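Please read the structure below before turning to the comments.
No value in this document is a laboratory result; all are computed from the given coordinates. This is a predicted model, so every value here is computed, not measured. Note: ideal-geometry Cβ built from the backbone for every residue, glycine included; neighbour counts use all protein chains shown.
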Amino acid sequence: MTNHIPTRVLTVDPSAPDPQIIAEAAAVIRAGGLVAFPTETVYGLGANALDERAVARIFHAKGRPATDPIIAHIADLQQLDALAYDVPSVAYALAQRFWPGPLTLVVLRRPVVPANLSAGRATVAVRMPAHPVALALIAAADAPIAAPSANRFSRPSPTMAAHVLDDLAGRIDLVLDGGPTPIGVESSVVDLTADPPVLLRPGGVTVAALLELLPGLTFAPRYLTVEDEAAPAPGMLLRHYAPDAALIVVAGRRAAALARMRSEALAAIAAGRRVGVLAFDEDAPALTDLSVQLVMLGSATDPEQVAQRLFAALREIERTGVDLILVRDPGQEGLRLTIRDRLIRAAEGRVIIAEP
């Protein structure tokens, strides 16, 4: 695959996609091509999940390491059974509760699924997206669609078609522009081949919601490097979702964290660095007197808004040309755990604990 193929953009109604546009995109998928499309979480970079060469094109276009597996997206439960075997009964209970939606299940992979989709592991990650464009595309392609986020490897995930083009124009065949994605962070990933089941990646479904059906669910975040063994799920690498500038997460009580952010910003400015702050609305008054680039995340009391803004905000602050980005730890309750996970990975693990 060359790096200079013409990338077409087709605008599609996110709630009632034009069947002719969907058919055109599905033809690209069936021919082994790459189509970026909106889901309810982020934009995905899609290829036929059963076509080994097409899946390989995803890795090439993104610059994604072969150790980072890709999720197969389906439009009906029969496709789950076609991709996996010995599917536990709880998978169907989870599907009934959360599908279509931002939940990915890791199950045992059938031989029909190419090994490169799953980084050579015996498992496959599967989800059913809750976006009309995504579901229509999968149905029209008549095949499950492999789709990681539609960005260059380790970059912030795309929540608008413009983000996809920033990273992948000239590297993929087609972008379906369905406007901004409503959730803004990726799916939760649960490994059902482990006993008890393990939450591999927090996402759009909260831990509390999952515990209702999986009372034994465990979560121990892993921060892998590209040199490690094949990851059991996507989104587990330490460097992920990262802007070009260094990012630091400042944890601790709000007052102490804000004071530490001020001192870190002032020290960096004194050293000649350009500083940016990803700020919650409530924190802005404590920071506006500093010579920093402020990009707002939304209210700290509204994690859904923050999640929807997060990746766009990372790209926005990057465009200001800062050398250092500071952000306050959002906490770990509900969707805040997912936001925190993305920030820790964007920061490559750089966390400062502010003393009270």
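Assorted remarks:
- Sequentially through segment 163-169, phi angles give Karplus couplings (6.51, -1.76, 1.60; θ = phi - 60°) of 5, 4, 5, 4, 9, 10, 4 Hz, Gly and Pro residues having no value and appearing as x.
- Ordering of 291-301, 74-84, 152-162 by burial proxy (mean other Cβ atoms within 10 Å per residue, highest first): 152-162, 74-84, 291-301
- Rounded to the nearest whole Hz, the Karplus-based 3J(HN,Hα) values (6.51 cos²θ - 1.76 cosθ + 1.60, θ = phi - 60°) of segment 80-93 follow the sequence 4, 5, 6, 8, 10, 10, 6, 5, x, 4, 5, 4, 6, 5, with x at glycine and proline.
- The length gained by stretching the chain between LEU213 and SER263 to full extension, at 0.36 nm per residue less their Cα-Cα distance, is 13.5 nm.
- With neighbour counts taken as other beta-carbon atoms within 10 Å, the residues ASP173, ASP51 rank, fewest first, as ASP51, ASP173.
- Tail fraction, Cα-Cα pairs, segment 246-353, threshold 20 Å, whole percent: 30
- Packing-based order for 250-258, 137-145, 14-22, using average beta carbon neighbours within 10 Å, highest first: 137-145, 250-258, 14-22
- Reference-scaled alpha-carbon Rg (2.2 N^0.38 Å with N residues) for segment 8-186: 0.93
- Peptides ranked, highest mean first, by Cβ atoms within 10 Å: ranges 334-345, 178-189, 202-213: 178-189, 334-345, 202-213
- Selection from GLN96, PHE280, ILE353, by position along the positive dipole direction of the chain (Cβ): ILE353
- Computed [θ] at 222 nm, helices only, for the chain once each DSSP H run of length n ≥ 4 contributes -39500 (n - 2.57): -9000 deg cm²/dmol
- Charge-dipole axis of the chain as Lys and Arg at +1 and Asp and Glu at -1 on Cβ define it, positive-most pick from LEU335, ILE183, SER149: SER149
- Taking Cα centre as origin and charging only the Cβ of basic (Lys, Arg, +1) and acidic (Asp, Glu, -1) residues, the dipole magnitude of the chain rounds to 640 debye.
- In a reduced charge model with +1 at each Lys and Arg Cβ and -1 at each Asp and Glu Cβ, segment 246-353 shows a dipole moment near 280 debye about its Cα centre.
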